[in-house]
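Peer 1: Encoded as structure tokens, here's the structure I'll be asking about.
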Amino acid sequence: MSNVTGTLTPVRELADRAHAAGAVVCLDACQYVPHLATNVVDLGVDFAAFSGHKMLGPTGIGVLWGREELLEAMPPFLGGGGMILNVTLDGFVPADLPAKFEAGTPPIAEIVGLHAAVDYLDRLGMEAVREHEVSLTAYALRTLHDRLGEQLTIHGPSEPAERGGVLSMALDGVHPHDLSQVLDQHAVCVRPGHHCAKPLMKVLGVGATARASFYVYNDTADVDALADALDEAASFFSF
Ligand SMILES: Cc1ncc(COP(=O)(O)O)c(C=O)c1O
């Protein structure tokens, strides 16, 4: 899932094609995992990585999943406590997976926090998380189009089922950083910038976007507040 447009990437198809060309596939699932039920085997990838802080968990922790035979074949990339099976004067034998890659004292507090976040999302149910996001995105696309019309562009798919709940917006004639400042003054927080996706900005023909993101804690009142604030911004910048 794109962190700019919310577009759901056809991961399985891309992975199959990459494998056919002899490549190993590492999926950046930072956006996918918090928003959709994820089965790494069905996705057909070799590695998948995601962050704790994008799924209600703490910062400074994430997950790397990898196919066992690939992880077995890889040497450890960090040395430290807990990753050693045996040490001799002329070498060492690494511990079994996953300890081989977990050198040093682990971030214990962050692990407990991420576990709590996973349990919480599990209790909500990832199907319900996705349903909430699709219906809120549908409401947002409809509301913002009705309220702002053609002066507001929302990048990415127009069909809510084909996307996640990130809305990268462009208000005619207003720089995204200016827009975000005015939205902020109306207590609406969006993220302006290139979102670490400069090549995509080039494809979209913009230098930056102002991005609103919805998750489990948002509801239609937040969408209405965004629409009100966009209205205010449009009149503030009109000349
Ligand atoms: C798709 C994607 N990958 C990677 C990152 C970076 O994650 P982290 O902050 O855990 O390094 C982000 C967000 O910042 C993201 O949206």
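Peer 1: Return yes or no: is F50 under 23 Å from Q31 (Cβ atoms) and of a type in the set (A, V, I, L, M, F, W, C)?
Peer 2: Yes: the conditions hold for F50.
Peer 1: Here's a follow-up. Looking only at the range 1-60, filter to residues that are in a strand (DSSP E or B) and among the small types (G, A, S); which one of those is farthest from the chain's Cα centre (by Cα)?
Peer 2: This residue is A48.
Peer 1: Which condition number in (1) within 16 Å of the ligand (Cβ to nearest atom); (2) out of contact with any Asp or Glu (no Cβ under 9 Å at 6 or more places or on another chain) is the one that D119 fails?
Peer 2: D119 satisfies all of (1) within 16 Å of the ligand (Cβ to nearest atom); (2) out of contact with any Asp or Glu (no Cβ under 9 Å at 6 or more places or on another chain) except (1).
Peer 1: For a quick check of your reading of the model, give me the residue pairs whose first member lies in the range 107-122 and is assigned by TED's automatic domain parsing to the domain that holds V33 and surrounded by 15 or more Cβ atoms within 10 Å (Cβ to Cβ), whose second is modelled with pLDDT of 95 or more and of a type in the set (S, T, N, Q), with beta-carbon atoms closer than 9 Å and at least 6 apart or on different chains.
Peer 2: E110/T59
Peer 1: Return the total of residues in the range 5-53 being within 12 Å of the ligand (Cβ to nearest atom) and either within 18 Å of R130 (Cα to Cα) or not hydrophobic (A, V, I, L, M, F, W, C) (or both).
Peer 2: Matching residues across the range 5-53 total 16.
Peer 1: Further, regarding this structure: Condition first: in a helix (DSSP H, G or I), out of contact with any Gly (no Cβ under 8 Å at 6 or more places or on another chain) and among the aromatic types (F, W, Y). Now tell me which residues in the range 184-239 satisfy that.
Peer 2: Within the range 184-239, just F236 meets the criteria.
For (1) away from the ligand (no atom under 16 Å from the Cβ); (2) under 21 Å from the mean Cα position of the chain (by Cα); (3) farther than 30 Å from A37 by Cβ, each residue gets a yes or a no:
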residue: S180; (1), (2), (3): yes, yes, yes
residue: H186; (1), (2), (3): yes, no, yes
residue: R211; (1), (2), (3): no, yes, no
residue: F214; (1), (2), (3): no, yes, no
residue: A225; (1), (2), (3): yes, no, no
residue: L230; (1), (2), (3): yes, no, yes
residue: A234; (1), (2), (3): yes, no, yes
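Peer 1: Among the candidates F92, F50, F101, single out the residue that is of a type in the set (F, W, Y), more than 30 Å from M1 (Cα to Cα) and either surrounded by 11 or more Cβ atoms within 10 Å (Cβ to Cβ) or without any contact (Cβ under 8 Å) to a residue 60 or more places away in the chain (or both).
Peer 2: F92
The values are calculated or read from the model by the stated rules, or taken from the named source; none is laboratory data. Because the structure is predicted, anything quoted here is derived from the model rather than measured. Cβ sites come from the backbone with ideal geometry, for glycine too, and all protein chains shown count toward neighbours.
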